[in-house]
1. Identify, from the list V73, V82, V69, the residue that is at pLDDT 90 or above and either over 13 Å from L108 (Cβ atoms) or touching a Gly at 6+ places or on another chain (Cβ under 7 Å) (or both).
2. Please work out if T151 is of a type in the set (S, T, N, Q) and loosely packed, with under 12 Cβ neighbours inside 10 Å.
3. Starting from the stretch 133-154, take each residue that is within 15 Å of M122 (Cα to Cα) and list its partners that are among the charged types (D, E, K, R), counting only C-beta distances under 8 angstrom and pairs at least six apart or across chains.
4. Being surrounded by 17 or more Cβ atoms within 10 Å (Cβ to Cβ) and part of a strand (DSSP E or B) is the filter here; which residues of the stretch 36-83 pass it?
5. Quick check on the stretch 84-140: of everything there that is of a type in the set (D, E) and not in a strand (DSSP E or B), which residue is farthest from E154 (Cα to Cα)?
Amino acid sequence: MVLEFRGFGKAHVAGLVLLLAMSIAPGALPAASAQVTGDASQVTLDVRDADLRQVFQLLANKAGINVLVSPKVKGSLTCRVVDMDPRELILFIARTNGLVIEDHGRILLILTDIPAGSRTRMEVIPLQNAKAADVAKMIETIKIDKRARVTHDERTNRLIVVYEE
């Protein structure tokens, strides 16, 4: 669209622009320009100084997934990405911004960091040539890290190792 002002001097045009700018309510103009196009399988993302939290929500809506973004997540994003899986793009954006994603099946948690002791890892190790009770007892006697616990299941002859990260 081209506007043409005939019969107005530069001072009049400048005054009109200033008047127009003052009539727009604060916050009416977007602080960032964002465009997400495509279907749920592939999206094109073109953003400039967009709020990270809003970008995650836009991509989650496109992908049809649940996302919970920590209030500590702050920052802006400028990028142009063409034809990419929205879930994968969420992971790349998080990684680029030093964020952590926990995948809990139906929901992705986007966090700034993981508090110590809040994650627990469990390994179940089947044994064939040794009794699980004997191996668990040996591991407990030489265990170096106090955050790990070892137990066993006699019925299936498996070691169960639980470790708090």
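The values are calculated or read from the model by the stated rules, or taken from the named source; none is laboratory data. Small disclaimer: the values here were computed from a predicted structure and weren't measured. Backbone-built Cβ (ideal geometry, glycine too); neighbour counts: all protein chains shown.
1. Values: V73 fails: either over 13 Å from L108 (Cβ atoms) or touching a Gly at 6+ places or on another chain (Cβ under 7 Å) (or both); V69 fails: either over 13 Å from L108 (Cβ atoms) or touching a Gly at 6+ places or on another chain (Cβ under 7 Å) (or both).
Going through V73, V82, V69 in turn, just one is at pLDDT 90 or above and either over 13 Å from L108 (Cβ atoms) or touching a Gly at 6+ places or on another chain (Cβ under 7 Å) (or both): V82.
2. Details: of a type in the set (S, T, N, Q): yes; loosely packed, with under 12 Cβ neighbours inside 10 Å: no.
In short, no.
3. R147/E164; R147/E165; A148/E164; V150/E140; V150/K143; H152/R158
4. V36, V43, L45, V47, A50, D51, V67, V69, L77
5. Taking the stretch 84-140 and keeping what is of a type in the set (D, E), we get 85, 88, 102-103, 113, 123, 134, 140.
Then keep just the ones that are not in a strand (DSSP E or B); that gives 85, 88, 113, 134, 140.
Details: D85: 45, E88: 41, D113: 38, D134: 10, E140: 16 Å.
Top of the filtered list is D85.
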